[in-house]
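Encoded as structure tokens, the structure appears first; notes follow it.
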Amino acid sequence: MSTSAEWIARDAAAVWHPFTQHATWTGDDPVVVDRAEGPWLIDVDGRRYLDGVSSLWTTTLGHGHPDIDAAITAQLARLDHSTFLGTTHTPGIELSEALIALAPKGTGPDLTRVFYAGDGSSAVEAALKIAYQYSTQTGRSRPKFVRLEHAYHGDTLGAVAVGGHRLFHDAYKPLLLDTIGVASPGDRANGRHRGAVAIAELQAAMRRDGDQVCAIIVEPMMQGAAGMFDHDAAYLVAARELADAYGALLIFDEVATGFGRTGKMWAAEHAGIVPDLLTCGKGITGGYLPLSAVLAAEHVYDAFLARPGDTAPRTFFHGHTYTANPLCCAAALANLRVMGEQNVIGQAARLGERLGKLLEPVAAKPGVLEVRRLGTMIGVEVAAVGERTGFEVCRAARERGVWLRPLGDTVVLMPPLTLGDDETDLLVSALDAAVDEVL
Ligand code: PLP
């Protein structure tokens with residue numbers, strides 16, 4: 001087997017990585033992952049790293065869980081793939097039933113239909129098209145979306161258009177849909193009691209343009225990729241009320257927050273608010289295979305059913321070759337089964353509390369500006385002392401056997417929900433020492 005250095009040279013000659021500046025990529029000495037066990041990544045040289053970000057927020061049960069491995073293998077022996085256009089299959093049906101049973105309950109409609117996609121961005125893309133087409137089929141065309149400052153909903157054009165992350169948004173501006181940008185309730189500029197300013201701005205935007213808006217899209221309780229900005233439940237209550245008052249749909253993007261990440265199955269449960277469309281992905285298969293879904297309310301689904309006298313088809317013209325791939329559905333079913341049997345949500349809530357306690361001394365360090373946390377979704381914002389301070393802290397943690405990824409100068413901690421005590425201690429002590437080294 002070649003060494004890491006040899007693989008990195010071959011990588012540099014052939015591969016174009018996502019969200020990566022290749023002028024500095026090899027200089028950053030990337031980890032060449034060879035295998036993984038539980039919460040550990042192991043590189044081709046045999047070095048072990050604690051996977052502190054669950055392989056981009058996905059491996060909620062850790063790597064190599066025997067139940068998920070077995071479910072995929074068993075499914076492979078029966079049916080590897082068949083299209084969801086014109087045929088159906090048992091794992092796709094069973095998973096839809098399971099997701100509907102787990103859907104959040106509260107103020108808002110029951111979510112009773114499942115539309116599959118391949119990743120978070122494509123789930124968002126489907127939700128946006130559903131929302132726009134819903135408007136045309138229930139009244140008249142409302143071509144605008146309300147989006148939040150700092151939002152991240154993915155990297156396809158529709159998803160970028162409803163995002164508010166300057167870096168990703170501005171680069172593609174001429175290509176993007178017309179949207180109405182409003183303040184983020186998690187924005188620190190809006191003060192400690194976050195949300196009041198943002199609610200007022202959302203109200204004003206809906207008063208002004210509400211009849212043009214087909215949907216308001218929100219990452220509930222925590223804007224993730226912008227740097228982990230948490231906000232109050234009151235914002236979701238207001239967004240639900242305003243969507244209803246102006247006849248717009250409410251979309252919650254739970255791609256990052258879903259499946260226990262915030263200490264509840266859905267972040268929406270912290271507010272008791274149910275959207276009309278809920279997108280999810282990432283942890284749905286426990287991080288084993290790419291799958292995502294849009295959960296939809298019955299009134300939304302109903303608007304897509306043909307009626308006598310229609311002059312245009314109401315079909316949702318959307319779907320991909322691998323929509324609802326049976327292996328992905330089987331992995332997701334096994335993941336949900338394990339989550340239920342082993343009370344993974346309870347474990348996640350406890351792990352979040354423990355991390356919160358352990359991080360208190362880190363939060364008190366002079367170089368640490370803020371620790372933001374909901375469940376096991378954590379951002380540790382550090383003061384910039386160079387061009388890439390967040391990155392340097394992650395590099396220093398890696399030297400201590402912990403793999404982390406920053407969002408700018410916010411170091412993200414999103415470990416597997418089932419992380420053991422010893423590994424949790426290692427995660428925080430490595431971060432603590434890394435902060436001391438860099439700041
Ligand atoms: N929505 C949210 C809230 C996300 O955090 C992400 C990814 O981080 C996405 C959508 C896009 O998901 P994917 O990268 O799987 O396309």
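Having 2 or more residues that are of a type outside the set (D, E), modelled with pLDDT of 95 or more and buried (at least 22 other Cβ atoms within 10 Å of the Cβ) is the bar; report the helices (runs of 4 or more DSSP H) wholly within region 352-439 that clear it. Steps first, answer last, please.
On the way: elements: 360-363, 389-398, 421-438.
The helices (runs of 4 or more DSSP H) meeting that bar are 389-398, 421-438.
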First in region 139-168 and among the charged types (D, E, K, R), second anywhere and in a loop (DSSP other than H, G, I, E, B) and within 11 Å of the ligand (Cβ to nearest atom), Cβ under 6 Å, 6 or more apart: R147/V162
By residue number, the members of region 119-132 that are assigned to a helix (DSSP H, G or I) and within 16 Å of the ligand (Cβ to nearest atom) are G120, S121, S122, A123, V124, E125, A126, A127, L128, K129, I130, A131
All but one of (1) more than 22 Å from E219 (Cα to Cα); (2) in contact (Cβ under 8 Å) with a residue 60 or more places away in the chain hold for I93; state the number of the condition that does not hold. (2)
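Among the residues of region 295-306, are any within 28 Å of V53 (Cβ to Cβ) and either touching a residue at least 40 places away in the same chain (Cβ under 8 Å) or surrounded by fewer than 17 Cβ atoms within 10 Å (Cβ to Cβ) (or both)?
Initially, region 295-306 is screened for residues within 28 Å of V53 (Cβ to Cβ), giving 295.
From what's left, either touching a residue at least 40 places away in the same chain (Cβ under 8 Å) or surrounded by fewer than 17 Cβ atoms within 10 Å (Cβ to Cβ) (or both): 295.
Checking region 295-306: at least one residue is within 28 Å of V53 (Cβ to Cβ) and either touching a residue at least 40 places away in the same chain (Cβ under 8 Å) or surrounded by fewer than 17 Cβ atoms within 10 Å (Cβ to Cβ) (or both).
So which of L76, L56 is closer than 23 Å to C328 by Cα and in the same structural domain as L327 (by TED's automatic domain parsing)? Quick ask: steps written out before the conclusion?
Details: L56 fails: in the same structural domain as L327 (by TED's automatic domain parsing).
Answer to the selection: L76.
So which residues in region 141-158 are hydroxyl-bearing (S, T, Y) and either surrounded by 24 or more Cβ atoms within 10 Å (Cβ to Cβ) or more than 8 Å from the ligand (Cβ to nearest atom) (or both), if there are any at all?
Here is the first cut: in region 141-158, the ones hydroxyl-bearing (S, T, Y) are 141, 152, 156.
Correct list: S141, Y152.
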Suppose the filter is under 30 Å from T83 (Cβ atoms), in a helix (DSSP H, G or I) and within 11 Å of the ligand (Cβ to nearest atom); does S135 pass it? no
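Could you grab me the full set of residues in region 1-47 that are hydroxyl-bearing (S, T, Y) and surrounded by 12 or more Cβ atoms within 10 Å (Cβ to Cβ)? Please lay out each step first, then the result.
Residues of region 1-47 that are hydroxyl-bearing (S, T, Y), as a first pass: 2-4, 20, 24, 26.
Listed by number, the residues that qualify are S2, T3, S4, T20, T26.
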Say we look at region 52-68 and pick out the residues that are out of contact with any helix residue (DSSP H, G or I) (no Cβ under 6 Å at 6 or more places or on another chain) and within 16 Å of the ligand (Cβ to nearest atom); which of these is farthest from L407 (Cα to Cα)? T59
Give just the number: which of (1) of a type in the set (A, V, I, L, M, F, W, C); (2) buried (at least 22 other Cβ atoms within 10 Å of the Cβ); (3) away from the ligand (no atom under 15 Å from the Cβ); (4) closer than 30 Å to P66 by Cβ does L291 not satisfy? (3)
Any residue in region 322-331 that is among the aromatic types (F, W, Y), surrounded by fewer than 23 Cβ atoms within 10 Å (Cβ to Cβ) and either closer than 28 Å to G52 by Cβ or in contact with a Pro (Cβ under 9 Å, 6 or more places away or on another chain) (or both)? yes
Going through region 334-350 in order, the residues found to be under 25 Å from L291 (Cβ atoms), more than 19 Å from the chain's Cα centre (by Cα) and either crowded, with 23+ Cβ neighbours inside 10 Å or free of Cβ contacts under 8 Å to residues at least 12 places away in the same chain (or both) are A334, G340, E341, N343, G346
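The values are calculated or read from the model by the stated rules, or taken from the named source; none is laboratory data. Quantities reported herein were computed from a predicted structural model and do not represent experimental measurements. Methodologically, a virtual Cβ is constructed for each residue, glycine included, from the backbone with ideal geometry; neighbour enumeration extends over all protein chains shown.
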